Amino acid sequence: MLEIFLKKRVYEISHLVKKKELSVKEVVEFFLDRIKKIDSKLNAFLYVCEKEAILQAEEIQKKINSGELQNSKIAGIPIAIKDNIATYKIRTTCGSKILENWIPPYDATVIKRIKEAGGIIIGKTNLDEFAMGSSTENSAFFPTKNPWDLDRVPGGSSGGSASAVASLMVRLSLGSDTGGSIRQPAGFCGIVGLCPTYGRVSRFGLVAFASSLDRIGPFALYVDDVADILYHIAGYDELDSTCPDVPVPDYSKEISVLEEKNHKVKVGVIKDFVEAEGVDKRVKDVIVSVANRLGREFGFELEYVSLPTSKYAVPIYYIIAPAEASSNLARYDGVKYGVREDSQELSEMYVRTRTNRFGDEVKRRIFIGTFVLSSGYYDAYYLKAQKAITLLRRDFDEIFRKVDVVICPTSPELPFKLGEKSQDPLKMYLSDVFTIPSSLAGLPAISVPAGFVEENGKPLPVGLQIIGKQFDEVSVLYVAKCVEKISGCAGKIPQDLI
Amino acid sequence: MTGGSVGVQDSDYELVCGLEIHIQLKTKTKLFCSCPRDSGGIPNSNICPICVGLPGVLPVLNKNALVLAVRASLLLNMQINKKSYFERKNYFYPDLPKNYQISQYRIPLAQNGYLEINSGKKIRIQRLHIEEDAGKMIHLENMSLVDFSRSGVPLVEIVTYPDISSPEEAYEFLTKLHKIMVWCDVSEGNMEEGHLRCDVNVSVKPKNSPTLGTKVEIKNVNSFRFIREAIEYEMKRQIGIIKDGGKIVQETRGYDPIAKKTFQMRTKEYAHDYRYFPEPDLLPIVVDDEIIEAARKGIYELPEEKKKKMIEKYKISEYSADVLSSERWLAEFFEELADKVENPNLLASFILEEVMRCHNEGLINIKNSEDREKVKKYVYEVIKAQEKGVITRNSAKEAFREAISQNIDIAESIGKRKVESEEDKIIKAIEDVIRENPKEVERFKKGEKKLLGFFIGEVMKKIDKKGAPKVVKEMLEKKLQE
């Protein structure tokens with residue numbers, strides 16, 4: 001059984017279900033068993049929807065028996081959802097004490113689409129509170145651990161979703177990425193994490209952190225799997241004005257067409273990132289070696305490119321994201337939903353609720369955001385940051401005139417230890433230094449396992465990031481698949497979890 | 001006013017007044033979600049995850065609200081920005097579910113317009129923008145409740161320049177603004193429901209002084225009449241303070257219509273920092289030709305033009321024209337018929353007397369298009385019958401009322417009252433009159449034609465004046481020539 005669930009692609013497992021060689025219940029129970037066995041060590045889940053998943057399994061089995069869902073690539077597949085995506089009747093906390101009792105009366109668009117395609121919501125995964133963080137230590141409930149080394153963080157903010165896939169508690173999960181929250185944990189956990197073009201996937205139902213940067217994307221063990229779930233969740237949504245009507249290709253089909261003709265792409269290697277001072281030499285070596293093999297083994301043309309404005313990316317991000325967050329999080333006031341800390345005075349009720357229920361990192365960002373939007377400071381911070389984004393986009397445009405995709409390390413370092421950075425916000429912010437530029441530019445980007453580095457006898461994964469042109473997920477996925485073939489890391493999970 | 005320096009008159013001061021008006025747009029649904037706009041009824045019965053700002057929801061602009069806002073801008077002769085955008089206005093209040101209001105700030109939908117009042121004076125308009133309404137607070141003895149049914153209802157905010165220099169001008173401006181917005185379907189304009197709300201900025205200064213006085217804002221006044229009174233009072237209050245050597249405090253005041261006085265609501269206006277920034281969940285507002293065309297479609301001939309046309313083209317009285325042009329559906333109802341009848345005056349009085357009565361009694365609803373077509377046909381028939389003289393004014397009314405209230409065909413109703421149906425009676429009366437007055441008949445036949453009047457009178461007496469004189473006359477002439 002384990003062999004099937006570890007080695008087969010998601011669409012193949014779904015195919016077995018549709019052919020009735022496996023029942024939906026068998027699939028769901030296999031993963032529920034793994035969660036029961038493993039999650040107490042990792043704490044990836046905030047809530048496991050055992051009953052709901054079994055009910056859904058029965059419903060989907062009925063549909064399959066009556067011949068429905070034949071075109072779905074994910075029918076019968078359990079999927080874990082980051083707990084900042086609204087799930088109808090299933091508690092959605094955003095990893096925050098202020099929403100610890102909130103049960104959404106509606107489904108996010110991605111959830112609706114997963115359900116329509118016969119996917120099964122198996123649980124809600126842990127995250128940094130309101131997706132603010134890079135280690136999942138900012139969860140108001142508990143930290144999640146990295147399956148490769150329980151002393152290390154899984155990355156963040158989608159640490160729960162990454163850890164769950166990397167430990168084979170699920171084959172698919174959804175995360176959200178504002179400044180690297182899918183790619184960095186995918187890199188830290190040795191799995192594939194895709195952050196699609198801004199607007200490729202509807203945000204309706206994703207609890208907003210920074211609206212102009214937030215994106216939903218999938219985690220999986222294989223590139224094929226993220227391609228297939230993207231196919232089901234992407235596309236126009238009338239409920240999201242920023243989600244345009246751009247046709248959704250059958251990604252895995254498009255990729256295999258490129259594979260068949262051994263399509264050559266031009267790959268830019270971001271010099272500024274590979275050669276940056278703070279990059280761990282071991283990480284750099286893995287990335288450079290994979291890059292060179294892309295040239296040698298696939299005949300891709302490599303070019304070192306420069307992204308000069310990228311040095312401003314982190315400061316820009318820490319103006320724009322907190323500014324939007326300060327406004328997005330204003331609604332948590334104890335009036336309508338979530339938790340209220342009672343008081344006789346309205347203003348005191350606001351203050352007590354928000355003081356007691358928001359964590360430090362959330363408060364820090366609300367303060368920063370409130371400050372940069374204040375009258376007299378708006379032009380110097382927010383407006384200037386917006387202008388800088390325009391320059392950054394121009395830099396990318398310039399590069400994409402010469403190459404099809406660019407690559408760089410996902411993170412400058414190996415997964416760090418729990419507690420290592422949690423007292424130093426600036427250090428924590430810098431762990432997203434390579435993912436933030438494409439976040440600001442709204443470009444599609446993926447992290448794919450590139451290799452492992454041994455530390456204290458434990459293999460630790462290294463992620464490689466591939467960034468593509470707007471809505472060109474196909475090239476990004478195609479190159480990711482090539483990297484997957486070179487590295488041989490796909491489908492690897494820690495030995496003790498097999 | 002009491003006290004004051006000797007010799008200084010109230011008339012030595014002048015009023016400087018500007019208005020901020022919120023108008024609810026007449027859309028089917030709210031500004032950013034698909035809840036019905038009409039927010040009456042049980043509190044919180046008309047809400048959805050979007051208009052209460054639940055975590056994760058997003059706004060999507062109601063295009064029809066944009067069309068109506070553009071129409072309002074056109075009606076106010078404004079420059080429309082081809083591209084503008086929404087911003088978030090951040091402040092905490094329990095009736096504001098997201099604790100920010102989606103509004104416009106740096107670039108409004110339209111700017112620089114005017115509305116001309118009766119005197120010919122143009123009140124200039126600074127800006128017009130689109131925004132969402134908030135919910136309503138209900139304060140009870142020891143708790144406050146929030147009703148979010150109104151949350152997300154589409155509004156335009158219109159800001160005038162301080163061009164208003166008398167309470168009467170403010171009243172006139174608002175009345176006219178209200179009328180044209182309702183006329184062109186921009187707003188339902190229901191004042192009780194708060195479809196048009198107005199804040200007033202009032203200051204006074206010595207006549208011809210170039211420096212403006214300190215302004216006071218009067219909020220939450222819910223009728224145009226009260227606004228006029230509030231400005232009147234406030235003007236006198238401020239002049240009184242200045243004459244007494246005092247200073248006007250910048251503050252927000254309310255108006256008590258019973259005491260006919262403004263009163264202090266809050267002083268030292270807390271300097272709000274709304275931290276406006278562009279709304280990232282919405283695309284820029286682009287006013288393209290398609291939107292402009294849709295907006296123009298609703299711009300009808302305005303009430304004053306209509307009235308003028310009625311007087312000139314149909315020669316009806318100013319009074320009738322005034323009433324008939326008070327509402328667009330009524331004016332159009334009249335005009336559509338006036339082109340078909342010979343006597344528009346007869347039509348005007350029939351509409352004002354009988355049709356409106358039936359409408360007000362609820363027997364018919366001319367605003368409803370189905371009723372309207374039927375009623376138009378009925379009115380046309382009775383007017384024609386009256387013009388032909390086959391029916392009297394009174395029986396025309398009776399026939400109309402009978403046809404609509406008892407669902408009888410109008411032709412039948414008219415038929416019953418036609419002089420024709422009493423033809424026998426008339427013929428009999430004529431024959432009687434001829435028989436009873438042989439001498440007069442003789443004289444008539446010899447050429448004394450003026451005796452016709454005498455015969456008509458005699459016949460009318462016999463039929464209790466229930467016939468149309470014209471018909472009686474025709475029939476008499478015919479008989480007398482036999």
For chain A, what does -39500 (n - 2.57) per DSSP helix run (n ≥ 4), summed and divided by total residues, give at 222 nm, in deg cm²/dmol to the nearest 500? -12500 deg cm²/dmol
Compute the helix-to-body angle for B:167-183: its Cα long axis versus the longest principal axis of chain B, expressed 0 to 90° and rounded to tens. 70 degrees
Just read off the accessible area of A:MET1 with the full protein assembly in place, 1.4 Å probe, to the nearest 10 Å². 110 Å²
How well do other chains shield peptide A:370-378, expressed as the mean number of their Cβ atoms within 10 Å of each residue Cβ? 3
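Do the sum for chain B: with -39,500 (n - 2.57) for every DSSP H run of n ≥ 4, divided by all residues, what is the mean residue ellipticity at 222 nm, to the nearest 500 deg cm²/dmol?
Numbers: 16 runs with 190 residues, N = 482.
Counting only the DSSP helices, I get -12000 deg cm²/dmol.
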Taking beta carbons within 10 Å but only from partner chains, what does the mean come to for residues A:320-333? 5
Explain nothing, just compute: Karplus ³J(HN,Hα) = 6.51 cos²θ - 1.76 cosθ + 1.60, θ = phi - 60°, for every residue of the stretch A:385-401 in order, whole Hz, x for Gly and Pro. 4, 4, 5, 5, 4, 4, 5, 4, 4, 4, 4, 5, 4, 4, 5, 6, 6
May I ask you to list the lysines whose Cα is less than 16 Å away from that of A:LYS492, ignoring any residue fewer than eight positions away on the same chain? A:LYS7, A:LYS8, A:LYS458, A:LYS481
Taking H placed 1.01 Å from N in the peptide plane, check which residues at least 5 places from B:LYS261 or on another chain put their amide H under 5 Å from its amide H. B:ASP256
Using just the C-alpha positions of the stretch A:18-104 as equal point scatterers, what log10 of I(q)/I(0) does the Debye formula give at each q in 0.20 1/Å? -1.00
Summed side-chain charge close to A:VAL28 - residues other than A:VAL28 whose Cβ falls under 12 Å, Lys, Arg +1, Asp, Glu -1: -3
Residues whose modelled amide H sits under 5 Å from the amide H of A:VAL453, counting only those 5 or more places away in sequence or on another chain, are A:LEU460, A:VAL462
State the percent of C-alpha pairs, over all pairs in the stretch B:325-482, separated by a distance greater than 29 angstrom. 33 percent
In sequence order, calculated HN-Hα J values of the stretch B:83-95 (Karplus, 6.51, -1.76, 1.60; Hz; x Gly/Pro): 9, 9, 8, 7, 10, 9, 9, 8, 7, 8, 7, x, 7
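Note down, for the stretch A:357-498, the three equivalent ellipsoid semi-axes (square root of 5 times each alpha carbon gyration tensor eigenvalue), biggest first, whole angstrom.
Numbers: eigenvalues 204, 125, 23 Å².
Output for the stretch A:357-498: semi-axes of 32, 25, 11 Å.
In a shell of Cβ-Cβ distance under 15 Å around A:GLY199, excluding A:GLY199 itself, what net charge do Lys and Arg (+1) and Asp and Glu (-1) give?
-4
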Specify whether the C-alpha gyration tensor of the stretch A:111-172 places it in the rounded, prolate or oblate class, a ≥ b ≥ c being the square roots of the eigenvalues: rounded for a/c under 1.5, otherwise prolate if a/b is larger than b/c and oblate if not. oblate
Nearest-20 debye value, the stretch B:422-480 charge dipole, Cβ charges on Lys, Arg, Asp, Glu: 220 debye
Lysines near A:LYS384 by alpha-carbon distance under 17 Å, same-chain residues fewer than 8 away left out - which ones? A:LYS311
Note down the net charge around A:ARG365, summing +1 for each Lys or Arg and -1 for each Asp or Glu among other residues with Cβ under 12 Å from its Cβ. -3
Specify whether the C-alpha gyration tensor of the stretch A:144-266 places it in the rounded, prolate or oblate class, a ≥ b ≥ c being the square roots of the eigenvalues: rounded for a/c under 1.5, otherwise prolate if a/b is larger than b/c and oblate if not. oblate
tail above 40 Å in the computed P(r) of chain A, as % of all Cα-Cα pairs, reads 15 percent
Computed over chain B: longest principal axis from alpha-carbon atoms vs helix B:224-243 long axis, angle to nearest 10 degrees, is 50 degrees
I'd like the orientation of helix B:469-481 relative to chain B: the angle between its Cα long axis and the longest Cα principal axis, in ° from 0 to 90, rounded to 10. 20 degrees
Averaged per residue, what accessible area in Å² does the stretch A:8-167 show with a 1.4 Å probe, protein chains only? 33 Å²
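A plus B alone minus the pair: what accessible area, both sides summed, probe 1.4 Å, in Å² to 100?
Roughly 2700 Å² of accessible surface disappears when A and B pair.
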How would you order B:59-69, B:149-159, A:59-69 from highest to lowest mean count of nearby Cβ atoms within 10 Å? B:149-159, B:59-69, A:59-69
Taking N as the residue count of the stretch A:44-84, its alpha carbon Rg divided by 2.2 N^0.38 Å gives 1.34
Any chance you could check the stretch B:79-97 for residues losing 50 Å² or more of accessible area when the partner protein chains are in, compared with the chain on its own (1.4 Å probe)? B:PHE92, B:PRO94
How large a share of the accessible area of the stretch B:422-480, in percent, is made up of carbon and sulfur atoms when the probe is 1.4 Å and the other protein chains stay in place? 52 percent
The farthest towards the positive end of the charge dipole of the protein assembly as shown, of the residues B:TYR255, A:TYR478, A:GLY299, given +1 on Cβ of Lys and Arg and -1 on Cβ of Asp and Glu, is B:TYR255
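If you average 1/r over every pair of different alpha-carbon atoms in the stretch B:10-291 and take one over that average, what Kirkwood value in Å do you get? Kindly include the intermediate steps, with their values, before the conclusion.
Details: mean 1/r = 0.0503 Å⁻¹.
That comes to 19.9 Å for the stretch B:10-291.
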Rolling a 1.4 angstrom probe over the protein chains, ignoring ligands and nucleic acids, what is the accessible area of A:HIS15 in square angstrom, nearest 10? 90 Å²
Here the residues of the stretch B:103-151 whose accessible area is at least 20 Å² smaller with all protein chains than in the chain alone (probe 1.4 Å) are B:ARG106, B:PHE148
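Treat every Asp and Glu Cβ in the protein assembly as shown as -1 and every Lys and Arg Cβ as +1, leave all other atoms uncharged, and give the resulting dipole magnitude about the Cα centre to the nearest 20 debye.
Charge dipole of the protein assembly as shown: 840 debye, to the nearest 20.
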For a quick check: with amide H placed at 1.01 Å from N, whose amide H comes under 5 Å from B:GLN104's, ignoring anything fewer than 5 positions away on the same chain? B:GLU87, B:ILE130
Which of the three applies to the stretch A:331-397, rounded, prolate or oblate, going by the alpha-carbon gyration tensor with a ≥ b ≥ c and a/c under 1.5 meaning rounded? prolate
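If the viscosity is 0.890 mPa s and the temperature 25 °C, what Stokes-Einstein diffusion coefficient in µm²/s follows for chain B when Rh is the Kirkwood radius over Cα pairs?
Numbers: Rh = 27.2 Å.
In µm²/s, the coefficient rounds to 90.
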Residue-level accessible surface for A:LEU55, protein heavy atoms, 1.4 Å, Å²: 110 Å²
Would you work out the Kirkwood radius for the stretch B:300-416? I mean one over the mean of 1/r across all pairs of different Cα atoms, in Å. 14.2 Å
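Of all GluC sites (Glu not before Pro) in the stretch B:218-276, which ones are in loop regions per DSSP and have a Cβ with at most 13 other Cβ atoms within 10 Å? Intermediate values should be presented prior to the final figure.
Details: sites: B:GLU229, B:GLU232, B:GLU234, B:GLU251, B:GLU269; in loops: B:GLU269.
Filter output for the stretch B:218-276: B:GLU269.
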Roughly to the nearest percent, how much of the accessible area of the stretch A:169-305 is carbon and sulfur, given a 1.4 Å probe? 48 percent
If N is the number of residues in the protein assembly as shown, what value comes out of its Cα radius of gyration divided by 2.2 N^0.38 Å? 1.28
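Hey, any idea what % of the stretch B:1-95's accessible area is carbon plus sulfur with a 1.4 Å probe? Don't skip to the answer; put the middle values down first.
Working: 2030 of 3850 Å².
Accessible surface attributable to carbon and sulfur in the stretch B:1-95 totals 53 percent.
The values are calculated or read from the model by the stated rules, or taken from the named source; none is laboratory data. Just so you know, these numbers come straight off a predicted model, no measurement behind them. Note that each Cβ is placed from the backbone with ideal geometry, even for glycine, and that neighbours are counted across all protein chains shown. For the accessible areas, the whole protein counts, side chains as well, though only heavy atoms, and no ligand, DNA or RNA atoms are used. Shrake-Rupley method; radii C 1.70, N 1.55, O 1.52, S 1.80 Å.
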